[in-house]
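Presented below is the structure to which this report refers.
The values are calculated or read from the model by the stated rules, or taken from the named source; none is laboratory data. Remember, predicted model here, so these are calculated numbers, not experimental data. A quick note on method: Cβ atoms are made from the backbone with ideal geometry, for glycine too, and the neighbour counts reach across all protein chains shown. Just the protein is used for accessible areas: all its heavy atoms, side chains included, with ligands, DNA and RNA removed. Shrake-Rupley method; radii C 1.70, N 1.55, O 1.52, S 1.80 Å.
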Amino acid sequence: MALMLGAKPCFRANDRSFVPYRQKILTTRAEVIAVPKKARQFTMPELSKQGIPHKDLHLGEIVKRQTQSNNSVFEEACRKPKFSPAFLQEAYERCREICADYAKTFYLGTLLMTEEKQKAIWAIYVWCRRTDELVDGPNAIHMSDSVLNIWEERLQDIFDGRPYDLLDAALTDTVHKFPLDIKPFRDMIEGMRMDTRKSRYQNYQELYLYCYYVAGTVGLMTVPVMGIAPESSLSTQAIYSAALSLGIGNQLTNILRDVGEDAMQGRIYLPQDELAQFGLCDDDIFSRKVTDGWRQFMKQQIRRAQFYFQQAECGASQLDKDSRWPVWSSLMLYRKILDAIVDNDYDNLTKRAYVGRTKKLMMLPQAYTRSLSVPTLA
Ligand SMILES: CC(C)=CCC/C(C)=C/CC/C(C)=C/CC/C(C)=C/[C@@H]1[C@@H](COP(=O)(O)OP(=O)(O)O)[C@]1(C)CC/C=C(\C)CC/C=C(\C)CCC=C(C)C
Ligand SMILES: [Mn+2]
């Protein structure tokens, strides 16, 4: 495979540390620490400064950077990595396979996108999945700050045109084709750090920050690729805000679905102060008894997730036409998980809410119909 890079070639796909994704470990710890770099001091963000949802995320600045980054022709000429077409084809093909394997419904939704866009979304998906797996996958017990620090340096290398392996190379190509800013990617790694350090959330503001880091960031990463419809009536910022909402709604739903499982790992993501308002505490979760108090509490949590999906809806219709289907699929699928929790009579302590294959497949044409609706005035 021809690989033409600048002064610092760092592709290591043939190293023994490289583990094929078929083993269901996308990135091993050994692979990440293969290039030792000096440890970086991690400091927790000041949670007390985090305000009400979206308000303190400085979305305006993020949008400005996203729409300005990579604009300079000079910068582009200097930094654009030169990969052979065959190499890139192989890189994106691997991303496609992983996406199809890990996220079947979502993958189907990407098939209507233009080739450039779908490849970019697969590359972003794979980077997110690998990042998540570092703290959530089979190797999670080996995770440490220093591994995440190296992963972050490797992210910088991706943006600087020096990918470390084949999958990274797909993202390098993507970030040079689309105006992607590194900040949401960095923030996702920050969320993974938070997950390794913290197992309780005192209030919703703390939880919101976590949800932004690990999922809201996905919305910010993907809007520049999916594109905004030329006839859209909403401001760019309003669309980013909707994208953020979809990520938050998805993550809140994930948390509500996995309460029992997470508790077995010693993790409770639900806001402690809200549990207390319903007369509940950690022990009620560990005892796995679904009481009326628990049902009332869950109703409130589900309402909050629904609120974010509602916020996301207006933005989903303002995206470029070919990008709307996967977004609507994601939105409708995650909503159905909330319905499944209700169908389980709010028992997410001993049961995992599940949306069956048939329901998922039936949802795809519905999502497609929604994606045909034209942008309307908000
Ligand atoms: C719909 C679409 C185009 C999505 C983008 C695809 C993409 C890049 C997805 C990456 C998802 C990912 C692997 C994130 C890593 C962190 C993580 C795991 C977050 C959770 C995802 C779901 O994972 P899963 O159900 O597999 O959970 P387990 O790890 O197994 O527990 C999250 C719940 C977050 C996913 C967040 C999104 C898909 C955000 C979607 C928002 C948009 C695409 C913006 C849409 C734009 C508008 C205007 C509405
Ligand atoms: Mn995960």
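Which one is surrounded by the fewest Cβ atoms within 10 Å (Cβ to Cβ), of the residues in region 341-360 that are in a helix (DSSP H, G or I) and without any contact (Cβ under 8 Å) to a residue 40 or more places away in the chain?
Applying the first criterion (in a helix (DSSP H, G or I)) to region 341-360 yields 341-343, 357-360.
Add one more test, that the residue is without any contact (Cβ under 8 Å) to a residue 40 or more places away in the chain, and what stays is 343, 357-359.
Details: ASP343: 13, ARG357: 10, THR358: 8, LYS359: 13.
Among residues in region 341-360 that are in a helix (DSSP H, G or I) and without any contact (Cβ under 8 Å) to a residue 40 or more places away in the chain, the one surrounded by the fewest Cβ atoms within 10 Å (Cβ to Cβ) is THR358.
Go through the residues of region 97-105 one by one and say whether even a single one is in the same structural domain as TRP328 (by TED's automatic domain parsing), away from ligand 2 (no atom under 16 Å from the Cβ) and buried (at least 22 other Cβ atoms within 10 Å of the Cβ).
no
Residues being over 17 Å from the mean Cα position of the chain (by Cα), among the aliphatic types (A, V, I, L, M) and under 17 Å from CYS95 (Cβ atoms): count how many of those fall in region 147-166.
First, the residues of region 147-166 that are over 17 Å from the mean Cα position of the chain (by Cα): 147, 149-150, 153-154, 156-166.
Narrowing the set further to residues that are among the aliphatic types (A, V, I, L, M) leaves 147, 150, 158, 166.
Checking the rest, the ones that are also under 17 Å from CYS95 (Cβ atoms) come to 158, 166.
So the count comes out to 2.
Could you check region 311-330 and list, in sequence order, the residues that are farther than 16 Å from ALA229 by Cα and surrounded by 22 or more Cβ atoms within 10 Å (Cβ to Cβ)? Steps first, answer last, please.
In the first step, residues of region 311-330 are kept if they are farther than 16 Å from ALA229 by Cα; the result is 311, 329-330.
Passing the criteria: SER329, SER330.
Restricting region 106-117 to residues that are at pLDDT below 95 and surrounded by fewer than 21 Cβ atoms within 10 Å (Cβ to Cβ), which is nearest to GLU90 (Cα to Cα)?
Here the answer is LEU111.
Among the residues of region 118-145 satisfying the criterion of being assigned to a helix (DSSP H, G or I) and away from ligand 2 (no atom under 16 Å from the Cβ), which is most open to solvent (accessible area, probe 1.4 Å)?
Residues of region 118-145 that are assigned to a helix (DSSP H, G or I), as a first pass: 118-136, 140-142, 145.
From the residues that got through so far, the ones that are away from ligand 2 (no atom under 16 Å from the Cβ) too are 118-123, 142, 145.
Values: GLN118: 26, LYS119: 45, ALA120: 1, ILE121: 9, TRP122: 13, ALA123: 1, HIS142: 91, ASP145: 37 Å².
Of everything passing the filter in region 118-145, HIS142 is most open to solvent (accessible area, probe 1.4 Å).
Quick one: how many residues across region 207-233 are open to solvent by less than 10 Å² (accessible area, probe 1.4 Å) and assigned to a loop (DSSP other than H, G, I, E, B)?
Result for region 207-233: 1.
Any residue in region 159-180 that is among the basic types (Lys, Arg) sitting within a Cβ distance under 8 Å of a residue that is in a helix (DSSP H, G or I)? List the pairs, counting only those 6 or more apart or interchain.
ARG162/THR172; LYS177/GLU116; LYS177/ALA120
Please count how many residues of region 146-186 are open to solvent by 10 Å² or more (accessible area, probe 1.4 Å) and within 16 Å of ligand 2 (Cβ to nearest atom).
The number of residues fulfilling the criteria is 0.
So SER371 passes all but one of these: (1) of a type in the set (Gly, Ala, Ser); (2) in a helix (DSSP H, G or I); (3) touching a Gly at 6+ places or on another chain (Cβ under 8 Å). Which condition number does it fail?
SER371 satisfies all of (1) of a type in the set (Gly, Ala, Ser); (2) in a helix (DSSP H, G or I); (3) touching a Gly at 6+ places or on another chain (Cβ under 8 Å) except (3).
Evaluate region 146-160: report whether one residue or more is away from ligand 1 (no atom under 16 Å from the Cβ), within 21 Å of SER84 (Cβ to Cβ) and in a helix (DSSP H, G or I). Spell out how you get there, then give the answer.
Within region 146-160, the subset away from ligand 1 (no atom under 16 Å from the Cβ) is 146-147, 149-150, 153-154, 156-157, 159-160.
The next check asks that each one be within 21 Å of SER84 (Cβ to Cβ); those that pass are 157, 159-160.
If we keep only those that are in a helix (DSSP H, G or I) too, we end up with 157, 159.
Taking every residue of region 146-160 in turn, at least one turns out to be away from ligand 1 (no atom under 16 Å from the Cβ), within 21 Å of SER84 (Cβ to Cβ) and in a helix (DSSP H, G or I).
On the given criteria, is TYR204 surrounded by fewer than 23 Cβ atoms within 10 Å (Cβ to Cβ), aromatic (Phe, Trp, Tyr), more than 8 Å from ligand 1 (Cβ to nearest atom) and more than 19 Å from MET113 (Cβ to Cβ)?
Working: surrounded by fewer than 23 Cβ atoms within 10 Å (Cβ to Cβ): yes; aromatic (Phe, Trp, Tyr): yes; more than 8 Å from ligand 1 (Cβ to nearest atom): yes; more than 19 Å from MET113 (Cβ to Cβ): yes.
When the stated conditions are applied, TYR204 passes them.
Among the helices (runs of 4 or more DSSP H) confined wholly to region 239-318, which include 3 or more residues that are touching a residue at least 24 places away in the same chain (Cβ under 8 Å) and near ligand 1 (Cβ under 9 Å from one of its atoms)? I'd like the intermediate steps shown before the answer.
Working: elements: 259-264, 272-277, 282-286, 292-316.
Filter on region 239-318 gives 292-316.
Give all pairs with beta carbons closer than 7 Å in which a residue from region 121-141 that is within 21 Å of LEU108 (Cβ to Cβ) meets a residue that is outside any helix (DSSP H, G or I) and within 8 Å of ligand 1 (Cβ to nearest atom); count only pairs at least 6 apart in sequence or on separate chains.
So the pair list comes out as TYR125/ALA103.
Quick check on my filter: what residues within region 105-120 are more than 8 Å from ligand 1 (Cβ to nearest atom) and in contact (Cβ under 8 Å) with a residue 40 or more places away in the chain? Explain how you work it out, then say what you get.
Restricting attention to region 105-120, the residues satisfying the condition of being more than 8 Å from ligand 1 (Cβ to nearest atom) are 105, 107-108, 111-120.
Those that are more than 8 Å from ligand 1 (Cβ to nearest atom) and in contact (Cβ under 8 Å) with a residue 40 or more places away in the chain: THR105, LEU108, LEU112, MET113, THR114, GLU116, LYS117, LYS119, ALA120.
Scan region 237-256 and give yes if some residue there is away from ligand 2 (no atom under 16 Å from the Cβ) and either surrounded by fewer than 21 Cβ atoms within 10 Å (Cβ to Cβ) or over 27 Å from LEU112 (Cβ atoms) (or both), otherwise no.
Within region 237-256, one or more residues are away from ligand 2 (no atom under 16 Å from the Cβ) and either surrounded by fewer than 21 Cβ atoms within 10 Å (Cβ to Cβ) or over 27 Å from LEU112 (Cβ atoms) (or both).
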